[in-house]
Amino acid sequence: MSKQLNFGAGPCILPQEVFEEASKAVLNFNGLSILEISHRSPDFVAVMDEAIALVKKSLNVPEGYAVMFLQGGASLGFLISAMNMARKHKKAAYIDTGVWSAKAIKEAVNAGLEVDIIASSKADGYKSIPNIDTIDGDYDFVHYTSNNTIYGTQFKKAIDSKIPVVCDMSSDIFSKEINVADFDIIYAGAQKNLGPAGATLYIVKESILGQSSIPMPSYLNLKTHFEKDSMFNTPPVFSIYTSMLNLRYLLKTGGVAAIEKVNQAKADLLYTEIDANPLFMGNVNIKDRSNMNVTFVLTHEELTDEFNAAWKKANIVGLKGHRSAGGFRASMYNALPLSSVEVLVQTMKEFTAEHISKINKK
Ligand SMILES: *Cc1c(COP(=O)(O)O)cnc(C)c1O
């Protein structure tokens, strides 16, 4: 079967070269399968060291920041970040941009913190990113989700804050340049833009480690993992290995600055078509549109079955919107080539050429 064009929101597409190299290591990685080697073997320790070094290189991680690979996904990151940032106020500020922020808020409450939602786009159905002034106040930290994977909204720049900042970057990390020094904790599940599911990336300001004001179970304490170089327990070896390969590929092809340009070109191409094509309409505020997850609807919902058939025929998969948002969602992570977006745009043009006359007659 020919390879399909994967617009799915996650687990995501990775470069073909990375799939091939990873698959070779499943069969033979220095005489054993990557799936059977000891995580304490020098061969894997070298993989972990390189993965961490490549994260630091690709995001220009400054001195005083630690990079760690844990497990539990961003879903455990909601709890881990809140627990590790709890201080004397035991109170945190959260920005609510939809489902993922709501889950983060729930875990902060589970950690025993008081949560103030200081900004929210709930009133407009999460079709925007709220306007936010400089954040300050009697909070231990502020938390936000840089890209809302479900609604297709994205913060175009880091928030301005006088208090420590925690950010869930699961669906846009490595897609554009960031200034790591703006953050105290960044966390991201690997499976959107980094590698296979299993590993969760943490980039943490070292000075926050061990400062929590609440009881900390060993696994949830980032200091535990820092002191054990991400080897406190058996790490997800294959996920970290493949993430490392993907980061090598990213750097070889120009790094984050280069892929940011490609991602912008892909987004411009698709949004231009959505805005020009009378049968389609974007879901969110133009200035808050995500370059990673493009959400849109048909202006004539009765054509849904026909459009679904058209993109499936074009060998596209994963275009269906999230069950809580409906419509369509084109996820365009780093590894999705511009050529796949061209196929989608062409499919939309042909679909409209075929159906517009029938609509106009109604
Ligand atoms: C996918 C996603 C999550 C959940 O990640 P898991 O690794 O499955 O726990 C959290 N936040 C954002 C923004 C996501 O896109």
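Of everything in segment 123-145, what is more than 16 Å from the ligand (Cβ to nearest atom), open to solvent by 10 Å² or more (accessible area, probe 1.4 Å) and of a type in the set (A, V, I, L, M)? Give them in sequence order.
Ala123, Ile132
Among the residues of segment 187-205, how many are part of a strand (DSSP E or B), of a type in the set (A, V, I, L, M) and within 12 Å of the ligand (Cβ to nearest atom)?
2
Of the residues Ala108, Ala53, which is among the hydrophobic types (A, V, I, L, M, F, W, C) and away from the ligand (no atom under 16 Å from the Cβ)?
Result of the check over Ala108, Ala53: Ala53.
Where the second residue is surrounded by fewer than 15 Cβ atoms within 10 Å (Cβ to Cβ) and small (Gly, Ala, Ser) and the first is within 11 Å of Phe7 (Cα to Cα) and in the same structural domain as Leu344 (by TED's automatic domain parsing) and lies in segment 305-322, which pairs have Cβ atoms under 8 Å and are six or more apart or on separate chains?
So the pair list comes out as Asn315/Ser2.
Read through the list (1) open to solvent by 40 Å² or more (accessible area, probe 1.4 Å); (2) in the same structural domain as Ser38 (by TED's automatic domain parsing), then give the number of the only condition that Asn246 fails.
(1)
Could you tell me which residue of segment 209-222 is nearest to Leu14 (Cα to Cα), considering only residues that are of a type in the set (A, V, I, L, M, F, W, C) and open to solvent by 10 Å² or more (accessible area, probe 1.4 Å)?
The selected residue is Leu220.
Just a yes or no: is a residue in segment 289-301 in a helix (DSSP H, G or I) and without any contact (Cβ under 8 Å) to a residue 12 or more places away in the chain?
yes
Quick one: Ala86 ticks every box in (1) open to solvent by less than 10 Å² (accessible area, probe 1.4 Å); (2) over 22 Å from Asp172 (Cα atoms); (3) within 16 Å of the ligand (Cβ to nearest atom) except a single one, so which number is it?
Looking at each condition in turn, Ala86 falls short on (3).
Which of the following residues is open to solvent by 70 Å² or more (accessible area, probe 1.4 Å) and either free of Cβ contacts under 8 Å to residues at least 12 places away in the same chain or not aliphatic (A, V, I, L, M) (or both): Glu114, Glu107?
Glu114
Do you know which of the residues in segment 146-184 that are β-branched (Val, Ile, Thr) and under 17 Å from Tyr65 (Cβ atoms) is nearest to the ligand (Cβ to nearest atom)?
Ile173
Just checking, does segment 2-22 include any residue being in contact with an Asp or Glu (Cβ under 6 Å, 6 or more places away or on another chain) and either open to solvent by 10 Å² or more (accessible area, probe 1.4 Å) or in a helix (DSSP H, G or I) (or both)?
No, there is no match, as no residue in segment 2-22 is in contact with an Asp or Glu (Cβ under 6 Å, 6 or more places away or on another chain) and either open to solvent by 10 Å² or more (accessible area, probe 1.4 Å) or in a helix (DSSP H, G or I) (or both).
For the structure I just gave you, tell me whether Glu63 is in a helix (DSSP H, G or I) and either open to solvent by 30 Å² or more (accessible area, probe 1.4 Å) or closer than 15 Å to Tyr202 by Cα (or both).
no
The values are calculated or read from the model by the stated rules, or taken from the named source; none is laboratory data. From a predicted model like this one, the values you see are computed outputs, not experimental measurements. Note that each Cβ is placed from the backbone with ideal geometry, even for glycine, and that neighbours are counted across all protein chains shown. We work out accessible area using only protein heavy atoms, side chains counted, and drop any ligands, DNA or RNA first. Shrake-Rupley method; radii C 1.70, N 1.55, O 1.52, S 1.80 Å.
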